[in-house]
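First the structure, in the form of structure tokens, and then the observations on it.
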């Protein structure tokens, strides 16, 4: 985002000094005389305004927001402080500054100042600096997706990784994503797990589990000689990932303390299903092997031994039957080519001829490194991988084990974990870097074979090829990652998981509904992406994707069952994202709606006009009993807005939020709040009167240019993995413009981003590009 | 392994909820405890967000033998084993001209005493935290220099507080001024990290081979990283340095694990299966993990955030379906004030569980609690005013006999909280002259 999003206005400072306005501020007409017909300059457009309206507060030892303008009042010294002037320009243009209650410049003065600043600032981007993204490590979702596409196993190992750091609203920002020892530990472990599960190592030796290492239930304990003693019915179990599907043999070494009418019985259990129960006739101290056979699918299985016929008769003489187990062995099925998992066959795509294993290993590791590093590996990298393979081979280990360790090393390498873009004298990204930018932008994952082929041939650099790829990639289901990653963060959807509406007030809201709300919004977003709809649908679409539960919640008839489907919203007060349960719930408090949060959300996510945070020590309604006891929330808020400290922002937020008051804190339609009828009317700062969600929608449509500008900036940030800076301003404007002139199609927006300098180029070493 | 009982045998029966016999004989066998023959002092910092209801937290009388105020009433069992320290301040959490963002600042400054840079982007800057000062000096003595625990993930969307990066509100532990130390929120993962995953079915020789292979992988990636270093620009270098540091720390730890065979009596320990649904269970289980790590001398330094700063979690289990942050802005509304007290007392109830458990664990000289210094509190006084003076701070444990407990100490207004940390670092054997905005050592602890 542009730096201006993070401005902090020193409200407290501004208002505290409001009582001590300099007398000169009242003589604003003097300033107007300075406007002349000559070419606008800093002295003619900016100085007069700041001298009269800004400097009162913005000077001295502790200027509000750290903005001291005293250096600029007397001259033309427009310093190259883009970020600050952009902030100023935006605040003056939106009427945010000077704050209410202070003398205001005329419309013409305001326009002259903003126009001059904008022209001058955008002039800076003629320098065409494409910026430089810091080497990005894969975030959790990218890691999961990349492993899925690289080895063909959807293991979700990154779900256990620590949270990714967030910057500029997204968790794929190179500068911010860090590697802690904790995370590194998890990367190393994950690499080992992936290699273990993707590749089957032929081993004649059975898996062997000493009984005392197994997980025991109550009634089972470890006795002296490391045997497991079942003194009542219970289980000893292990859980393992089996890479190979086939017929396994389970073999237990067991005996019984026999008593009563029958021998001890032991059940072999797989995933809570009894496979077979055997009679353990062996006597104590003379254990025997008991074996059964069972087909297993590849995947995780829990294998248990259970004692099922405990017997005890109080004496005398005491009769006590117990089961004793020493160990469990699992004998793998013979290695058949057809039973090998796809992941194994994909990685080990050739088998060595006789003893000459090295050429095959080299080809296998080269290919795997190429795909994992997302570029051809260097000869030196391949050499070092072969050293690892040799090291394993010298131990007399099977060929597959050598490959396994090579794969583990590749997946632990910085070249896999980071998306490296070389620092060289070329301003254009190389073809492999470009392919990765494209795939991680649209799929949150590595390039596929087609992209690799286009990178190999260099074709990917051609604009028409890029465009064709964008079209293909957006239609591919992997573009769901835009919903999972971009939309979740853009719309703050991840907050939905943290909101817990009061069950007493909202008994309908349960985990199923929370999930349904999330699904609705993501399907809606995906619908726009994959059907290449207009991005304006996000504001005014008269359709959504709901299931029976949501339909009931929304009061829409004729939709039953768990399946989500596209449903028309014509004839309902709902349209676009804003009236979806997810957004309405995540902008509410647990016990009531929050027009403030809803208004803030509209300003930030739809209108691209974020407000500064409230000054410290506010957020408190005046404490006089009468006002706080006022019947409705609206009346309470009116009180709030009478306070000039609060009014500047609240008069923008509150009317937007109040127009959605007919939707309760979980997004259900309501006509009353308690006993009071809902009043969904509002007046915007410019005097526009409106009422209810449909009229809000019309207002937002009129401001769609703001929406598209904001969306462009956010999607660009996500695409390039760095904050959008002042030198990107032209690119952002171009992207928004291109989107508009191409019917607002989602693909037009994406194409414009992909064709932009920040996406396709990089700053060469030594600073700005000529 | 020689005189030590192999860990595999030791962990047998893991997963049962049944209490194993307390294998006390094992504890002194821990290589470190037996070789050092001196008392081992531990240090823990536990953090709660959004301030505390100070009138119900602060004892009315000064000095020894004070009566427990309402919020502290769950601590009756360990009364006498902690002190309440009133009047301490974290001045650098105030805005100091930076405007709003008290939540982010208060968490960032809590253990650092440094004014964090206001940014939502890449250039985060804070200071090193007290726990990490200790960890960096003492880390070589234990497999883990420190552990960082929490119950809430770092926020996943947006800037967290008025233009401050989420790194500030979700971390109290800072390795350096630019690097927060990520915390673990899943008790199962903490357990696996400390003790392995309990799956010790591999034969010994294959485990040794595996660890040898893993080491060759580390050698390979270090070489990769070195070669990469010459091909990238300065900003990328910073990221690569993080990679180097992380890999090196892991190498060192692996070497230590070879040397130290961590053992611990797992009597009555619940081996966690994941993140408990119930929040109280979650806090307690994380507390169990911390205690286990201390007991086994896997680390001597811990931080534990019960929740992230600004958390808006609801507490229906104590009759507060509303959000914590919302209630902390009570505006002197008696209903909200009451709810805030309920939340504060809920947290202290969990603290009581942890302290009682520490007090019940016998060590050669007194209890684990006697040999520890546990700081509990937050970086905001009143959640409504966002003040950072008059902070709620409680100090439990006797620091191996170096701290007198059971007292309510009132310090001069605006005494830096960091003075307390300097005093604690002394007792850890890590004398430190200054930290953040410290002005000296805190008096009257003994």
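Throughout, read-outs are computed from the coordinates displayed, never taken from laboratory work. Everything numeric here is computed off the predicted structure, so don't read it as measured data. In this analysis, Cβ positions are derived from the backbone assuming ideal geometry, glycine residues included, and neighbour counts consider all displayed protein chains.
Residue A:283 label point, 7 Å along Cα→Cβ, cut-off 17 Å on backbone N: hits in the range A:305-327? Counting backbone N atoms under 17 Å from the label point, the list is A:320-324.
Sorting the segments A:561-569, A:450-458 by their residues' average number of neighbouring beta-carbon atoms within 10 angstrom, most packed first, yields A:450-458, A:561-569. Going from the fewest other Cβ atoms within 10 Å to the most, the residues A:275, A:200 appear in the order A:275, A:200.
Ordering B:391-398, B:408-415, B:135-142, A:192-199 by mean Cβ neighbour count within 10 Å, with the highest value first, yields B:391-398, A:192-199, B:135-142, B:408-415.
An oblate overall shape is assigned to the range A:431-475, the ratio a/c of its alpha-carbon gyration tensor axes (a ≥ b ≥ c) being 1.5 or greater and a/b not exceeding b/c. Note on B:224-236: average number of Cβ atoms from other chains within 10 Å of each residue's Cβ is 6.
Evaluated at q = 0.12, 0.19, 0.24 Å⁻¹, the base-10 log of the normalised Debye intensity for the range A:346-416, with identical point scatterers placed on the Cα atoms, takes the values -0.26, -0.67, -1.06.
Work out the FRET efficiency for residue A:205 and residue A:378 from their Cβ-Cβ distance, taking R0 = 35 Å, and round it to the nearest 0.05. According to the calculation, E is roughly 0.40.
At full extension, residue A:510 and residue A:542 could sit 8.9 nm farther apart than now, given 0.36 nm per residue minus the alpha carbon distance. Between the C-alpha center of the range A:698-770 and that of the range A:383-401 there is a gap of 49 Å.
The simple spin-label model puts a point 7 Å past each Cα toward its Cβ; for residue A:41 and residue A:104 those points are separated by 3.1 nm.
From the largest down, the range A:207-334 spans 52, 25, 25 angstrom on the principal axes of its Cα atoms. Across peptide A:391-398, the mean count of Cβ atoms from other chains lying within 10 Å of each residue's own Cβ comes to 2.
Residue by residue along A:187-193, Cβ atoms of other protein chains within 10 Å of the local Cβ number 3 on average.
Of interest is the spacing of the C-alpha centroids, which for the range A:520-555 and the range A:230-257 amounts to 50 Å. For the pair residue B:414 and residue B:39 in one chain, pulling the backbone fully straight at 0.36 nm per residue adds 131.6 nm over the alpha carbon distance. Using the rule -39500 (n - 2.57) for each DSSP H run of four or more residues, divided by the residues of the protein assembly as shown, the 222 nm mean residue ellipticity is -11000 deg cm²/dmol.
For the protein assembly as shown, the average shadow cast by the Cα convex hull is 52.4 nm², which is a quarter of the hull's surface. Computed over the Cα atoms of the range A:484-702, the ratio of the radius of gyration to the Kirkwood radius (Rg/Rh) comes to 0.96. Summarising the label geometry, the points placed 7 Å from Cα in the beta-carbon direction at residue B:235 and residue A:568 lie 5.0 nm from one another. Protection proxy ranking, highest mean first, for peptides B:213-225, A:477-489: A:477-489, B:213-225, where packing is the per-residue count of other beta-carbon atoms within 10 Å, averaged. Here is the size of the range A:381-500 from its Cα atoms: Rg then Dmax, 19.3, 58 Å. Give me D for the range A:656-716 in µm² s⁻¹, whole number, from Stokes-Einstein with Rh from the Kirkwood sum over alpha-carbon pairs, 4 °C and 1.567 mPa s. The Stokes-Einstein estimate is 99 µm²/s.
For the range A:440-568, the alpha carbon convex hull comes to 127 Å³ per residue, rounded to a whole number. Each DSSP beta bridge with both residues in the protein assembly as shown is either parallel or antiparallel, and the antiparallel ones are about 80%.
The order of A:150, A:498, going from fewest to most other C-beta atoms within 10 Å of their C-beta, is A:498, A:150.
Taking the Cα atoms of the range A:476-541, the ratio Rg/Rh between the radius of gyration and the Kirkwood radius comes to 1.05. Here A:684, A:182 are placed in order of increasing Cβ neighbour count within 10 Å, fewest first, which gives A:684, A:182. Taking the empirical scaling 2.2 N^0.38 Å for compact globular proteins as reference, the range B:68-154 has a Cα radius of gyration ratio of 1.41. In a fully extended conformation the segment linking residue A:302 and residue A:681 would gain 130.4 nm over its present Cα-Cα distance, using 0.36 nm per residue.
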